[in-house]
Amino acid sequence: MASVVLSEAEKVYIMHGVQEDLRVDGRSCEDYRCAEVETDVVSNTSGSARVKLGHTDILVGVKAEMGTPKLDKPNEGSLEFFVDCSANATPEFEGRGGEELGTEIANTLYRIFNNESSIDLKLLCINPREHCWVLYVDVLLLECGGNLFDAISLAVKAALFNTRIPKVRVLEDEGGREIELSDDPFDCIRLNVDNVPCIVTLSKIGHRHIVDATLQEEACSLASLLISVTSRGALTCMKKMGRGSLDPESIFEMMETGKRVGKLLHSSLQTVLDEEENLGTARKKVGFLG
């Protein structure tokens, strides 16, 4: 993961500010940086989104392709995640430098979506045991400015909200079954993302914890707690990161903070997505090159 080198004086300055609930950029411990969200930014995908959270820039594209249902889930489609850590994001990702981080992020996304309540995968089934939609979710890290997991989860949810899957009819004839795709671009399936969780990463600095840490703040934190929270405040997944330790009391406090902040994060994101949707063709697109 991208990192910065700080002097001891800089670390002490950041830690003292956190203890006083006043961070270097003026935020309190539970404040996120200003986020920019834009959907439908890549033309050759079924859905896409770009999220900028401070200096962290994430692009997500979703492609729907026909596949075969898994043997243990014959009447469901599936989600496949791939994370590409661009060398443009940080020199540390050159060569295969970002491969380990990409695998870690992809595995975390699999864990988060590995429950029936997040996405209705039965909606993606076309013909049980034979045909289904497979959604390939490609995540590209354009810039790393701290708090990658939270930004990625926001971008994934926004891209799934923007995803449109063509409606399909299965026609029976003497030779077997044929699949017919609708020619109408507006005749499509939309995914219900109400229960898709967002990740909230809480970093322990000194005796307090913060959300949406910058690279400098991450350098001062020895342990973080990554939790996924639904829009109703339900905790679905938890993962401890960093080489430091967390006592049980801190973990419970971080969980409560994560659930409280996560609900606000969901409502803010949904408000932005709904406003963008209502603008329709009148919306001015910036795109990921903007």
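Structure values in brief
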quantity: Of all accessible heavy-atom area on region 15-110, the percent that carbon and sulfur account for (1.4 Å); calculated: 47 percent
quantity: In region 34-141, trypsin sites (Lys or Arg not before Pro) in a DSSP loop with at most 15 other beta-carbon atoms within 10 Å; calculated: Arg96, Arg129
quantity: Under 10 Å, Cβ to Cβ, from Phe149 - net charge with Lys/Arg +1 and Asp/Glu -1; calculated: -1
quantity: Residues of the chain: accessible area per residue with a 1.4 Å probe, Å²; calculated: 52 Å²
quantity: Distance between region 24-98 and region 171-242 - C-alpha centres, whole angstrom; calculated: 10 Å
quantity: Which of Val139, Val12, Leu273, positive extreme of dipole for the chain (C-beta unit charges); calculated: Val12
quantity: Area of Asp274 that stays accessible when all protein chains are in place (1.4 Å probe, Å², to 10); calculated: 60 Å²
quantity: Residue-level accessible surface for Ser3, protein heavy atoms, 1.4 Å, Å²; calculated: 80 Å²
quantity: Rounded accessible area of Cys237 (nearest 10 Å², 1.4 Å probe); calculated: 10 Å²
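The values are calculated or read from the model by the stated rules, or taken from the named source; none is laboratory data. What you are looking at is a predicted structure, and each value in this text was computed from that prediction instead of being measured. Counting neighbours? That spans all protein chains shown, and the Cβs are built from the backbone with ideal geometry, glycine included. When the accessible area is computed, the model is the full protein with side chains, heavy atoms only, and any ligands, DNA or RNA have been set aside. Shrake-Rupley method; radii C 1.70, N 1.55, O 1.52, S 1.80 Å.
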